[in-house]
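The next block holds one structure in the form of structure tokens; read it before the comments.
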Amino acid sequence: MIVPPKVINPRITVITVSYNSCKTISDTINSVLTQSYLNIEYIIIDGGSTDGTVELIQSYSNNISKFISEPDKGIYDAINKGIRLSTGDIVGILNSDDFFCNTKVITNVAEAFQKNDIEAVYGDVQYVNPKNILKVVRYYSSKLFWSDKFRFGFMPAHPSFYVKRELFDKFGYYKTDYKIAADYELLIRFLYINKVKYKYLELPFVSMRTGGVSNRTLCSKYILNIESVISENCITFNIAGFKAPIGDLSKFGSAEYEYRFYDFKNTEYSVVINRKDVDKNKFKLHVTRSKIEPVKVSCIPKNGFIDINTEI
């Protein structure tokens, strides 16, 4: 067994992606610049903002390592740009409407890598009221996560995920063909499929405004919690939605919900719910397996929960 080497005084890259984030990105940038840890590379990838975000970022130019503003193909494409530009030993993501909970977050990350033979760390995040960012309205703990829980749709808080830069070259970047679940897929690929050695820190890393990019993404993912149970000829999908009526999916602001995952044999699957197919009584569930024609299943939700057994 090859033991990952400890990293001494690691250079930590923080990547922020933004698009028309003028109202919130100052909090994001200031939370990075006030970190007590000194060996930080800060990269901002902007998608061609037109609301004054670019000018605001440029006002911090002396304290930002790299800055690009150009059209991109979405948030995960922008994140990949930042990773490719990074020169740090360790990489993490901080969205443009989020901010670090305190000045010691990156110090805690660095110490974890220096004291432990690990390749990744993650912790907790908290949700704050956008009108009063000092008011915490929800706390998301990653404490009870272990890799088998991916099968139930549970994941550690992605905004708290910091990983060795070299692993992106080894295991791949964020998949840009995913609409909302590329972070979930990457965590599965790193922590579950490739057994990256990680450590949980029982600390809040990031404050996220309710209704922000990170929050909307998490809500969309929790529309579906998927368990894949493999037997010789049958895959059982246990798919649980919120207890709100199915018709209320529209409040999450997306026309389509996509969830991809792996079975124990490393085969990739995709589940997509398209809102245009939703009515008060049923919706169509499209289940696709690699190189296999889609299987369509209609079902009627009971109390907001759906159980589907189907052979593929």
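The values are calculated or read from the model by the stated rules, or taken from the named source; none is laboratory data. If you're wondering where the values come from, they're calculated on a predicted model, not measured in any experiment. Positions of Cβ are backbone-derived with ideal geometry, glycine not excepted, and every protein chain shown enters the neighbour counts.
Here are the numbers for this structure:
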| quantity | calculated |
| --- | --- |
| Count - residues of region 100-114 that are more than 20 Å from the chain's Cα centre (by Cα), of a type outside the set (Phe, Trp, Tyr) and in a helix (DSSP H, G or I) | 6 |
| Pair list, Cβ < 9 Å and 6+ apart or interchain, from region 85-99 residues that are under 9 Å from Ile29 (Cα atoms) to residues that are of a type in the set (Asp, Glu) and surrounded by fewer than 23 Cβ atoms within 10 Å (Cβ to Cβ) | Phe99/Asp27 |
| Condition check for Val125: under 14 Å from the mean Cα position of the chain (by Cα), crowded, with 23+ Cβ neighbours inside 10 Å and assigned by TED's automatic domain parsing to the domain that holds Pro159 | yes |
| When residues of region 127-162 are limited to those that are at pLDDT below 95 and of a type in the set (S, T, N, Q), the one farthest from Tyr198 (Cα to Cα) | Asn132 |
| Criterion: crowded, with 17+ Cβ neighbours inside 10 Å and at pLDDT below 95 - qualifying residue of Ile12, Ile25, Ile75, Ile43 | Ile75 |
| Pairs with Cβ under 7 Å, 6+ apart, first in region 61-82 and more than 23 Å from Ala181 (Cβ to Cβ), second among the charged types (D, E, K, R) and assigned to a helix (DSSP H, G or I) | Ile68/Lys81 |
| From the options Leu187, Leu167, Leu191, residue that is without any contact (Cβ under 8 Å) to a residue 60 or more places away in the chain, crowded, with 20+ Cβ neighbours inside 10 Å and not basic (Lys, Arg) | Leu187 |
| Check on Leu94, in contact with a His (Cβ under 9 Å, 6 or more places away or on another chain), within 29 Å of Gly211 (Cβ to Cβ) and assigned by TED's automatic domain parsing to the domain that holds Ile57 | no |
